[in-house]
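To keep things clear, I will list the structure first and then write my remarks on it.
The values are calculated or read from the model by the stated rules, or taken from the named source; none is laboratory data. As the structure is a prediction and not an experimental result, all values here were calculated from the model. Methodologically, a virtual Cβ is constructed for each residue, glycine included, from the backbone with ideal geometry; neighbour enumeration extends over all protein chains shown. Accessible surface is based on the protein model in full, side chains and every heavy atom, while ligands, DNA and RNA are left aside. Shrake-Rupley method; radii C 1.70, N 1.55, O 1.52, S 1.80 Å.
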Amino acid sequence: DEWAAAKTLVKPPDQLELTEAELKEEFTRILTANNPHAPQNIVRYSFKERAYKPISYVDQMAIHFSLNGNMILKDSDEGRRQSIRLSTAAEKAPVETSAVTSEDTEIKDEESTGDTQAAGDEEAEGSGTAEVAEAAEAEEPPCPRVKEQKLANQFNFIERASRTLNNPMRERACQSEPTPCKNFSATANQWEIYDAYVEELQKMERSKEKEKTKVQIAKREEEKKKGRNLTSLESQSDDITKISKAAKIMERMVNQNTFDDIAQDFKYFEDASDEYRDQQGTLLPLWKFQYDKTKRLAVTAISWNPKYKDLFAVGYGSYDFMKQGQGMLLLYTMKNPSFPEYVFSSESGIMCLDFHNDHPYLMAVGFYDGNVAIYNVKKATSQPSYRSNAKSGKHTEPVWQVKWQKDDMDNNLNFFSVSSDGRIVSWTLVKNELVHTDVIKLSVEGTTMQGPEGLQLQTLGCGTSFDFHKKIDYLFLVGTEEGKIYKCSKYYSSQFLDVFEAHHMAVDSVSWNPYHLKVFISCSSDWTVKIWDHTIKTPMFIYDLNSAVGDVAWSPYSSTVFAAVTTDGKAHVFDLNINKYEALCTQLVVAKKKNKITHIQFNPVYPVVIIGDEQGHVTSLKLSPNLRRMPKEKKGQEVKKGPEVEIAKLDKLLNLVREPESK
């Protein structure tokens, strides 16, 4: 009845009421195989390009259910083997049971025959009892135990026992980059075909020549082997250079941790006790630079790099005539005091060196055997890039100093050298060769000798040091072994502009003041340091340091501060503006009696000096605040700084010295 009744539509109260047109409107929805939940912005690291790259391929498969079973198909090899094994086991079981039953029946027959003979009299008891006994015997025989045959499973799988755990499934995907393709197109013309044939003919001719000269081939093969060895070495060196930068940074970090207290002192420590010292100052020892292979060599030259303010070069040799041997050139940085950045070895001892201002990777070096050379730090070789020889006009005595000059008119690199042979030579790098020009010969006045056949022989002075004026390009000073200082010009090769009777022994160093254009300083083995005005023949200041003075240097931050080192192992720092008569600091730097200090240099930026000695050690020391005191601020006035202030400061001192003479 219910089915026969008319069906009525029931509308929910919140149903939308749509028009006939809206109801008939179709909405198409396209189903795609793409997974809407799959991430589209997966980024993975590309080892080839060494960067993170977005992956274009996205796995769209979504697994809803997966189950690992242990069923085996009947038709498979393993299924057939197991079914055969089960069938053979079933066949063996019934045969065994039949054999057992036959044996039992035989035994029972024998027993029955014995019983009949023994119980012959009992047969007479009656037939009824015999029938009952036979019936009991017939019922009694025990039925044999037959093994239950295992029914084969009707389903298409075989049961297998397994104790091993199923390994979890892991997915691994690999996306390869498409191979790079390039389009190549060319046109073949008549002349190109002709050239190809000519090349082929030339190859054939060469092969014929090779067959004729087998000896040459053998030699070439040997050369090739050598070349291969070289290439293998080069490849090894390439591998080393890849990690060398990282290793260098690591080494510097380890050193910074090891010498952390020294690094902190270098950056931040200021000696507070200077306030109570009454103008006296101290030198705080920082890092000590030493290298195993330079223990028996003396520090013969020190120079700071003009670009990298923490880098300096050290030349090693010997000042002893009897102990001459190999030399070394090392470049150290204050960031790594334990090992040099660059190591160059030389056959002869290095006596002097100088960095080029515009090309800080070039170093001019002078040797004990009279040669000069240019080292390029950029090149990996330990040999100099350019070197003089006997043919190219080398010095006959040790080269005591070299200085780079401005490039010549043709923009060729140019440097000067001074030697004990009395020659000042200009070396120019022309077409990868060092070309020499004798600028001046240091002839000593009043020493002409009468030679054979009326020849006038003039003895030459032995140059030991020189320095070029900071502003006047042609003007330079030369110190000699006789104690004289010559004021020379590049334009006059036969005469001197002036001669100063400066010292009684060899002039070890001469240097122009970096601020004042007229003032220069000199030091000598006669224990004195003298400050001169080059327009006046007599010295402005004379200081006796009670020991032979090895080197003297102006400070880069003040026109009145200079430092000197003596052979008794002491460093002396003066500031003429504070004390015109005595050193503000006299400190023992080298303790050993046999050891002597040879050179000192101010760092161009930091308040640090480096000092070299005869044991091959370089010690860095920090100047205390009293040694680098700047003018104090006055109330309501700004402190003036700059070259003009430094020049005025030194002029004021010089005027004090000149006044008595003028009166």
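Tabulated data
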quantity	calculated
Residue in region 20-34 that is more than 30 Å from Val58 (Cα to Cα), open to solvent by less than 100 Å² (accessible area, probe 1.4 Å) and either at pLDDT 85 or above or out of contact with any His (no Cβ under 8 Å at 6 or more places or on another chain) (or both) present	yes
All positions within region 163-174 that are open to solvent by less than 100 Å² (accessible area, probe 1.4 Å) and at pLDDT 85 or above	Ala173
Considering residues of region 57-95 that are open to solvent by less than 60 Å² (accessible area, probe 1.4 Å) and assigned to a loop (DSSP other than H, G, I, E, B) only, the residue nearest to Asn41 (Cα to Cα)	Val58
Looking only at region 413-432, and only at residues there that are within 32 Å of the chain's Cα centre (by Cα) and more than 20 Å from Asn305 (Cα to Cα), the one that is modelled with the lowest pLDDT	Asn432
Where a residue in region 640-663 is open to solvent by less than 40 Å² (accessible area, probe 1.4 Å) and its partner, wherever it lies, is among the charged types (D, E, K, R) and at pLDDT 75 or above, with Cβ under 8 Å and at least six apart	Leu653/Lys580; Leu654/Asp533
The lone exception for Asp551 - which of (1) in contact with an Asp or Glu (Cβ under 8 Å, 6 or more places away or on another chain); (2) of a type in the set (Asp, Glu); (3) more than 22 Å from Gly612 (Cα to Cα) it fails	(3)
Scope region 181-218; condition assigned to a loop (DSSP other than H, G, I, E, B) and basic (Lys, Arg); matching residues	Lys182
Tally of residues being assigned to a strand (DSSP E or B) and over 35 Å from the mean Cα position of the chain (by Cα) across region 556-613	16
Contacts under 6 angstrom Cβ, first residue in region 484-505 being acidic (Asp, Glu), partner in a strand (DSSP E or B), 6 or more apart	Asp498/Lys487
Scan of region 271-308 for residues that are open to solvent by 40 Å² or more (accessible area, probe 1.4 Å) and either within 30 Å of Phe367 (Cα to Cα) or in contact with a strand residue (DSSP E or B) (Cβ under 9 Å, 6 or more places away or on another chain) (or both), ordered by number	Gln279, Gln280, Leu284, Pro285, Lys288, Gln290, Asp292, Lys293, Lys295, Arg296, Lys307, Tyr308
Counted residues, region 45-55 - those being of a type in the set (D, E, K, R), open to solvent by less than 100 Å² (accessible area, probe 1.4 Å) and outside any strand (DSSP E or B)	1
Residues (over 19 Å from Gly550 (Cβ atoms) and either without any contact (Cβ under 8 Å) to a residue 60 or more places away in the chain or assigned to a strand (DSSP E or B) (or both)) located in region 295-308	Asn305, Lys307, Tyr308
Meets criteria (open to solvent by less than 50 Å² (accessible area, probe 1.4 Å) and modelled with pLDDT of 90 or more) for Val377	no
Asp467 vs. criteria surrounded by fewer than 15 Cβ atoms within 10 Å (Cβ to Cβ) and of a type in the set (Asp, Glu)	no
Filtered residues of region 575-606 (kept if in contact with a Pro (Cβ under 9 Å, 6 or more places away or on another chain) and not β-branched (Val, Ile, Thr))	Asn577, Phe602, Asn603, Pro604
Members of region 391-415 that are among the small types (Gly, Ala, Ser) and on the phi > 0 side of the Ramachandran plot	Gly393
Those residues of region 35-44 which are open to solvent by less than 100 Å² (accessible area, probe 1.4 Å) and touching a strand residue (DSSP E or B) at 6+ places or on another chain (Cβ under 8 Å), in sequence order	Ile42, Val43
Strands (runs of 3 or more DSSP E) (entirely within region 318-366) containing at least 2 residues that are open to solvent by less than 40 Å² (accessible area, probe 1.4 Å) and touching a Gly at 6+ places or on another chain (Cβ under 7 Å)	327-333, 350-355
Test: residue in region 510-528 that is outside any loop (DSSP other than H, G, I, E, B) and among the acidic types (Asp, Glu)	no
Identity of the residue in region 570-582, surrounded by fewer than 21 Cβ atoms within 10 Å (Cβ to Cβ) and without any contact (Cβ under 8 Å) to a residue 60 or more places away in the chain, that ends up farthest from Leu297 (Cα to Cα)	Tyr581
Qualifying positions in region 58-92 - at pLDDT 90 or above and touching a helix residue (DSSP H, G or I) at 6+ places or on another chain (Cβ under 6 Å)	none
Any pair with Cβ under 6 angstrom, 6 or more apart, that starts in region 266-294 at a residue that is assigned to a helix (DSSP H, G or I) and ends at one that is open to solvent by 30 Å² or more (accessible area, probe 1.4 Å)	Asp274/Pro625
Residue that is farthest from His516 (Cα to Cα) [pool: residues in region 530-549 that are in a loop (DSSP other than H, G, I, E, B) and among the β-branched types (Val, Ile, Thr)]	Thr538
Residues of region 247-270 that turn out to be among the basic types (Lys, Arg) and open to solvent by less than 80 Å² (accessible area, probe 1.4 Å), as a count	2
Members of region 473-530 that are at pLDDT 85 or above, surrounded by fewer than 20 Cβ atoms within 10 Å (Cβ to Cβ) and aromatic (Phe, Trp, Tyr)	Trp527
